[in-house]
Each structure stands twice: as C-alpha cells, then as structure tokens.
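Here the structure comes first, spelled out in structure tokens, and everything after it is commentary.
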Amino acid sequence: MQVLHRIADLRAALAQGPRPAFVPTMGNLHEGHLALARQAKASGRPVVASIFVNRLQFGPNEDFDRYPRTFEADCALLQAEGCDFVFAPDEAELYPEPQAYKVQPPPELADILEGHFRPGFFTGVCTVVLKLFNIVQPEAAYFGKKDYQQQLVIKSMVRQLALPVRIVAGETCRAGDGLALSSRNGYLSPAERAEAVELHRLLDNIARVVRDGRTDVAHLEQEAMATLQRRGWQPDYVAIRRQADLLEPHGLDEPMVVLAAAKLGKTRLIDNVEI
C-alpha cells in the first residue's frame with residue numbers, strides 16, 4: 001500500500017492503471033469505513049482511500065480541532081483490507097489558496113434536516129468531494145447510509161454536474177446493541193454509551209408502527225422528540241421523509257426513511273432507519 005500526500009504523486013501513481021474505486025474518509029476509521037473499503041475492493045479495481053479532516057464542513061462552534069486524528073492506526077486498518085493507495089493531503093496541499101469557488105447544493109435538499117442545524121455543512125462536503133473526485137478520477141465512490149442526507153446530496157451533485165462517477169451506498173454498520181458506528185461515539189462516557197442505543201431503538205419502533213399502518217406522521221415525530229427529551233437528550237429533529245428526496249411524504253405508500261439527530265451530553269449523534 002502506498003501512502004501519498006501530494007496530488008501530483010497520486011495522479012502519477014494512478015496514471016497507468018484502470019480508474020480506481022474510491023473511499024473518502026476523515027480518518028478515525030471504524031468498521032463502517034472498513035466495510036466500504038471491502039465493497040470497493042470487491043469491485044476488482046485499485047482502491048484509493050483518502051484521509052482528510054475537511055475544515056470547510058465544520059461550523060464555528062463544532063469539533064474540528066478535537067476531531068480524532070489516528071493516522072497510523074487508520075493506515076494499518078486500510079492495509080489489512082487490501083487498500084492500494086492512501087491519499088492524505090494536508091490543508092496546504094488540498095487548499096493552497098482560500099477556496100473561493102464552492103459548490104452550493106440546492107436548498108430544498110441541503111438546507112433541511114442536517115443542513116438546517118449545520119448551515120454550510122453540505123457546501124463544505126460537496127466542495128471537498130468534488131475536488132477529491134477531480135484528483136482521484138474514480139470509477140466509483142463509496143459512502144455510508146448512516147449519513148443518509150449526505151449521500152443523497154452527493155448523488156444529486158454527481159447527476160446534475162454529469163460527473164463520470166458511480167455513487168455506491170453502503171449499509172449502516174452497527175454495534176451488537178444496534179448503535180450506528182460513528183467516529184464521534186468515542187466521545188461518549190460509559191453511561192452515555194449505554195444510553196446511546198436508545199436512538200436506534202426509537203427509530204426502529206417508528207419504522208415498525210408505520211409499516212403496521214400508523215399514519216399520523218407529525219404526531220409520531222412529536223412523540224419521539226418528547227421521548228428523547230425525557231431521557232435527557234437534546235434532539236434537533238426526528239423526521240419521517242421520502243427516501244428519494246427527503247421531502248415530507250404525500251402518503252405512506254412510497255419508500256420512506258425516519259431520520260434523527262440529537263445531542264447526548266456534548267456528543268451529537270445521527271441515525272436513520274429505512275421504512
């Protein structure tokens with residue numbers, strides 16, 4: 001496995017081979033990332049994983065400086081999965097001058113849910129992903145469904161900009177008790193970790209009652225918010241939306257997803273369950 005830090009070196013290394021499979025990450029890898037790397041490896045193409053903590057997608061009061069950097073361990077994990085290249089630029093390499101050109105995703109998709117509570121987040125995500133796509137030139141790129149809105153935003157960007165990249169969505173990886181794996185889970189205290197699984201249980205229950213025919217969507221959302229508050233969470237949203245575009249469902253006969261974001265202590269967790 002080659003570890004490369006410069007754009008020119010990565011382009012040179014990839015120049016003679018087939019277009020790669022690409023797994024973009026911010027490091028601090030867990031089983032969810034590694035599952036994506038295995039999906040990419042199964043494509044038969046060279047696998048490139050990037051490790052870059054993207055400042056553009058962090059708000060002024062978010063955790064950019066304390067986001068865990070575990071580069072040596074990340075590289076060992078990727079090597080064990082058969083990754084061929086790790087691209088790990090520093091900020092000066094990826095943003096050699098202030099990034100004045102940015103990708104502004106459509107507000108109807110990017111300014112709701114996560115985008116409402118994290119203004120500018122998806123602009124930062126789309127900008128860095130487009131730049132990485134231009135550098136890596138992948139045939140396919142792999143994103144996890146835990147960040148449900150993010151993979152929809154990226155699919156929309158690829159479609160509207162006619163980028164020659166297939167977006168492959170990987171299923172959410174969970175701990176044995178159901179908690180969605182996340183780099184931010186490491187911030188949880190032992191007591192918070194024990195409570196954190198309740199978010200997934202709540203979403204699972206909502207999905208079950210909707211499948212069973214319950215139709216009062218707004219009431220279900222309000223009940224779920226109140227339940228989280230009673231348990232000591234600070235919920236941002238619990239929302240039942242259409243899978244295709246995250247708009248409110250017109251009826252319950254179309255594929256839907258229930259999504260949530262809530263803080264437990266100082267740690268903000270997100271999760272979703274498809275219906």
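What is the number of the single condition among (1) touching a Pro at 6+ places or on another chain (Cβ under 6 Å); (2) surrounded by fewer than 17 Cβ atoms within 10 Å (Cβ to Cβ); (3) in contact (Cβ under 8 Å) with a residue 40 or more places away in the chain that residue 11 does not meet?
Every condition holds for residue 11 apart from (1).
Determine whether residue 176 is within 17 Å of residue 35 (Cβ to Cβ) and touching a strand residue (DSSP E or B) at 6+ places or on another chain (Cβ under 7 Å).
No: the conditions fail for residue 176.
Given (1) of a type in the set (D, E, K, R); (2) closer than 26 Å to residue 173 by Cβ; (3) surrounded by fewer than 19 Cβ atoms within 10 Å (Cβ to Cβ), where does residue 216 come up short, assuming only one miss?
The number of the failed condition is (2).
When the stretch 222-235 is examined, which residues are found to be open to solvent by 40 Å² or more (accessible area, probe 1.4 Å) and touching a strand residue (DSSP E or B) at 6+ places or on another chain (Cβ under 7 Å)?
Selection gives 225, 229, 234.
Out of 64, 58, which single residue is among the aromatic types (Phe, Trp, Tyr) and more than 28 Å from residue 162 (Cα to Cα)?
It is 64.
So for the stretch 185-203 (the condition being open to solvent by less than 40 Å² (accessible area, probe 1.4 Å), out of contact with any Ser or Thr (no Cβ under 6 Å at 6 or more places or on another chain) and closer than 29 Å to residue 104 by Cα), does at least one residue qualify?
Checked the stretch 185-203: no residue is open to solvent by less than 40 Å² (accessible area, probe 1.4 Å), out of contact with any Ser or Thr (no Cβ under 6 Å at 6 or more places or on another chain) and closer than 29 Å to residue 104 by Cα.
Please determine whether any residue of the stretch 69-90 is in contact with a helix residue (DSSP H, G or I) (Cβ under 7 Å, 6 or more places away or on another chain) and of a type in the set (Val, Ile, Thr).
Yes, there is a match, as at least one residue in the stretch 69-90 is in contact with a helix residue (DSSP H, G or I) (Cβ under 7 Å, 6 or more places away or on another chain) and of a type in the set (Val, Ile, Thr).
Looking at the structure I just gave you, is residue 147 open to solvent by 60 Å² or more (accessible area, probe 1.4 Å), out of contact with any helix residue (DSSP H, G or I) (no Cβ under 7 Å at 6 or more places or on another chain) and within 24 Å of residue 249 (Cα to Cα)?
no
Right, residue 201: more than 18 Å from the chain's Cα centre (by Cα) and closer than 25 Å to residue 169 by Cα or not?
yes
Can you list the helices (runs of 4 or more DSSP H) lying wholly within the stretch 37-116 that have 1 or more residues being touching a residue at least 24 places away in the same chain (Cβ under 8 Å), under 30 Å from residue 237 (Cβ atoms) and open to solvent by less than 70 Å² (accessible area, probe 1.4 Å)?
Answer list for the stretch 37-116: 107-110.
Being open to solvent by 70 Å² or more (accessible area, probe 1.4 Å), free of Cβ contacts under 8 Å to residues at least 40 places away in the same chain and within 26 Å of residue 256 (Cα to Cα), is that true of even one residue in the stretch 119-139?
No; the residues of the stretch 119-139 include none that is open to solvent by 70 Å² or more (accessible area, probe 1.4 Å), free of Cβ contacts under 8 Å to residues at least 40 places away in the same chain and within 26 Å of residue 256 (Cα to Cα).
The values are calculated or read from the model by the stated rules, or taken from the named source; none is laboratory data. Remember, predicted model here, so these are calculated numbers, not experimental data. Ideal geometry is used to build each Cβ from the backbone, glycine not excepted, and the neighbour counts take in all protein chains shown. Only protein heavy atoms, including side chains, enter the accessible area calculation; ligands, DNA and RNA are left aside. Shrake-Rupley method; radii C 1.70, N 1.55, O 1.52, S 1.80 Å.
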